[in-house]
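Worksheet: one structure, shown below.
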Amino acid sequence: MTEESSPPTTAQDGAAGDQAAPPPITIDVQYIKDFSFENPNAPVVYTEIQGAPQVDVNVNVGVQPLAEATFEVVLTLQAHAKYGDKTAFLAELVYGAVTRLAGVPQDAVEPVLLIEVPRLIFPFARATLADVTQNGGYPPLLINPVDFAGMYRNQKAAQAQAAQGEAPASDSTH
């Protein structure tokens, strides 16, 4: 007796008539665009290590159009670790992805590129930094999840505030 198998179904198949499918985001390739790890006080810093280092991490996102509906999204992760006043390590990773969007409304392109795509590629960039810091003789640097939506809102608020600062003031002081 042979069993017939049908292709697996998804919730999307059953709901196709009820609601539109989310716009597709395709990541064609992910890559390290630039990478630097400096361990300026090795090996002395290893003899003076006591406790966890103080680590400052900065995260930035950039987008560059490549072709119609194709973009490069770049995450820049910078980490500076110190033990007291001595630098333990400096790491900078510029991690990119070539991304294609299809069916995304024009007003949603920017948020998709600055929120959703970074959210998808962040775990890979995070793992790269964790590996290199561990290979550099330190505990792996495990960067906390990043609120890319919050970063986007803050960026928009700063742009709006800058635009208001450029406009003539409507209030006058007496």
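Please treat every number below as a calculation from the coordinates, not as lab data. Everything quoted here is computed from the prediction, not taken from an experiment. Cβ sites come from the backbone with ideal geometry, for glycine too, and all protein chains shown count toward neighbours.
Return the distance in nm (one decimal) between the two label points of a simple spin-label model at residue 26 and residue 54, each offset 7 Å from Cα along Cα→Cβ.
4.8 nm
Quick one: Kirkwood hydrodynamic radius for segment 22-141, alpha-carbon pairs, angstrom, one decimal?
Numbers: mean 1/r = 0.0636 Å⁻¹.
Here the Kirkwood hydrodynamic radius works out to 15.7 Å.
How big is the charge dipole of segment 22-141 about its Cα centre, in debye rounded to the nearest 20, if each Lys and Arg gets +1 on its Cβ and each Asp and Glu gets -1 on its Cβ?
Numbers: 6 positive and 13 negative charges, 50 e Å.
Charge dipole of segment 22-141: 240 debye, to the nearest 20.
Rank by packing, highest mean first: peptides 123-129, 58-64, with packing defined as the count of other Cβ atoms within 10 Å averaged across residues.
Working: 123-129: 17.6, 58-64: 14.6.
Packing proxy ranking, top to bottom: 123-129, 58-64.
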